[in-house]
1. Could you figure out which of (1) of a type in the set (A, V, I, L, M); (2) in a strand (DSSP E or B); (3) open to solvent by 30 Å² or more (accessible area, probe 1.4 Å) isn't true of V376?
2. Give the residues of segment 65-88 that are more than 16 Å from the ligand (Cβ to nearest atom), within 29 Å of I20 (Cβ to Cβ) and of a type in the set (A, V, I, L, M, F, W, C), sorted by residue number.
3. Residue check: is P64 surrounded by fewer than 17 Cβ atoms within 10 Å (Cβ to Cβ) and more than 14 Å from I348 (Cα to Cα)?
4. Quick one: how many residues across segment 121-132 are assigned to a loop (DSSP other than H, G, I, E, B) and without any contact (Cβ under 8 Å) to a residue 60 or more places away in the chain?
5. E258: surrounded by fewer than 20 Cβ atoms within 10 Å (Cβ to Cβ), out of contact with any strand residue (DSSP E or B) (no Cβ under 8 Å at 6 or more places or on another chain) and not basic (K, R), yes or no?
6. Given the conditions (1) away from the ligand (no atom under 16 Å from the Cβ); (2) on the phi > 0 side of the Ramachandran plot, which single one is not true for L351?
7. Please verify whether P69 is surrounded by fewer than 23 Cβ atoms within 10 Å (Cβ to Cβ), in contact (Cβ under 8 Å) with a residue 24 or more places away in the chain and closer than 16 Å to Y168 by Cα, treating the condition exactly as stated.
Amino acid sequence: MSLQGILNTDLGKGTIHRHIYGHFSEHLGRCIYEGIWVGEDSPIPNTKGIRNDVVKALKQIRIPVLRWPGGCFADEYHWKDGIGPKAERKRMVNTHWGGVVENNHFGTHEFMELCKQLGCEPYINGNVGSGTVQEMSEWVEYLTFDGVSPMAELRAANGQEAPWKVTYFGVGNENWGCGGNMRPEYYADLYRRYQTYVRNYGDNKIHRIACGPNVDDYHWMEVVMREAGRFMDSITLHYYTLPNDSWADKGEATGFDEKAWHTTLKKTLRMDELITRHSAIMDQYDPEGRVGLIVDEWGTWYNVEPGTNPGFLYQQNSIRDALVAGLNFNIFHKHNRRVRMANIAQTINVLQAVILTEGEKMILTPTYHVFDMYKVHQDAELLELALDAGSYKLDDSEIPAVTGTASRDAEGFIHISLCNLQHHAEADVTIDLRGLAAEQWQVEGVTLAGDRVDDHNTFDQPNNVVPKAFEACNLEGGKLHAALPAMSVTTLKLAPKA
Ligand code: AHR
């Protein structure tokens, strides 16, 4: 298949917010415990209880922001249970996720230490479903108050004299479901009330985030924006990719066929429509575009790996997940006017994880590699790329064959990322470069591709799916040519010749 495109390298379309490469880590399964937190006494190399290998890997992909402690867990979490001497912290049952005992060893101090080690911004999700206004207000005071106050003194007594900087604070999670089964009218009123006490202390300015809709619940977006839009900085959207239409049988993470491949990518592409439709509602109540749309839960959701706790949501991750990540990033870039943050669900050992661990072993998933390849777009200027997407048909279903995105970074380098969705065919892409003297530029690239639809990494074979130097590209006569392998994500770098 041959496809043509035009890249206007001199037509900027705004910044691609680096926070769209954000992460979400919940007290769920082996995400926090084992995945991140092993404790100071663990034989697994750690710094203050946090795994060194995981921190190193996440720093490599320049993790910009991390959301915690949930998810559904957030609306059952009482932050005071997670401070003070560990031996005295309350033990509780994690009712949502597997009914296991939560010992609260990972709490506020440990999370803020994690963010410090990662060099990322914290995004803390407060409890509206089962928590009080006072509790939320005191958490913010504990975290950020600089001066004499009961919570600042408690923080100091627990070893942290100086206040932390907390930029992002979520007022509830999925309050239409696990966060209280509320109606949007009721939540909008609660949001207005709770956020009043999420105060800015000193020079700490909090970005207040309202709970937004699930998937295509446009009524929720309409009501919450209408009633509470002026009290928020952002509102969330949750959309997961399930291969099947049934929560009872969502589809397998590996061992699936071409039909499941095609369907999964088609369902991922729905993100574009969802953002478009929700943005249109936001435009009505916020025409200036002040309020951001945060896709703070996205990713694939499959049946759990056989033999694992169904409440732990542990799944493998294949080249299909890499395509899902690339497609979502391309969509988020396109919607950079509204979409200012996105958080993959979840960072480690849960759903579309970028890292899997088994004891002291750690592997990087194909999704991780896409984060790594796309990090060049963080805070870069989105460029106008018009691409003939072609057509990829299977039975009676049709999706684009290729999607792409381009940006220019602060040093002037241009990066183009292209996803070839086809499981069976290469795509020859020719892009006419406008707005630069192409004969003075050169191209190099890196690609992540699969041979089979479910190619993945295992603890025995961690390098089955890894990025490789991409030779099938050149720049001649003002045109960029790339022969994209089937089932691939490719990033090209255009740089002036030395
Ligand atoms: O990511 C798993 C769960 O999915 C989260 O806890 C919840 O917010 C969503 O339903």
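1. The number of the failed condition is (2).
2. Of the residues in segment 65-88, the ones more than 16 Å from the ligand (Cβ to nearest atom) are 65, 78-88.
So of that shortlist, the ones also within 29 Å of I20 (Cβ to Cβ) come out as 65, 79, 82.
Matches in segment 65-88: V65, W79.
3. Taking the combined requirement at face value, the residue does not satisfy it.
4. Of the residues in segment 121-132, 5 are assigned to a loop (DSSP other than H, G, I, E, B) and without any contact (Cβ under 8 Å) to a residue 60 or more places away in the chain.
5. So E258 does not fit the description; no.
6. Of (1) away from the ligand (no atom under 16 Å from the Cβ); (2) on the phi > 0 side of the Ramachandran plot, only one is false for L351: (1).
7. For P69, the condition - surrounded by fewer than 23 Cβ atoms within 10 Å (Cβ to Cβ), in contact (Cβ under 8 Å) with a residue 24 or more places away in the chain and closer than 16 Å to Y168 by Cα - is not met.
Conditions (1) touching a residue at least 40 places away in the same chain (Cβ under 8 Å); (2) in contact with a Gly (Cβ under 6 Å, 6 or more places away or on another chain), marked per residue:
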| site | (1), (2) |
| --- | --- |
| G14 | yes, no |
| Y21 | yes, no |
| V38 | no, no |
| R51 | yes, no |
| D75 | yes, yes |
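The values are calculated or read from the model by the stated rules, or taken from the named source; none is laboratory data. What you see is a predicted model; the values in this text were computed from it and never measured. Note that we place each Cβ from the backbone using ideal geometry, even for glycine, and neighbour counts take in every protein chain shown. Just so you know, the surface numbers come from the protein's heavy atoms only, side chains and all, with ligands and any DNA or RNA stripped out. Shrake-Rupley method; radii C 1.70, N 1.55, O 1.52, S 1.80 Å.
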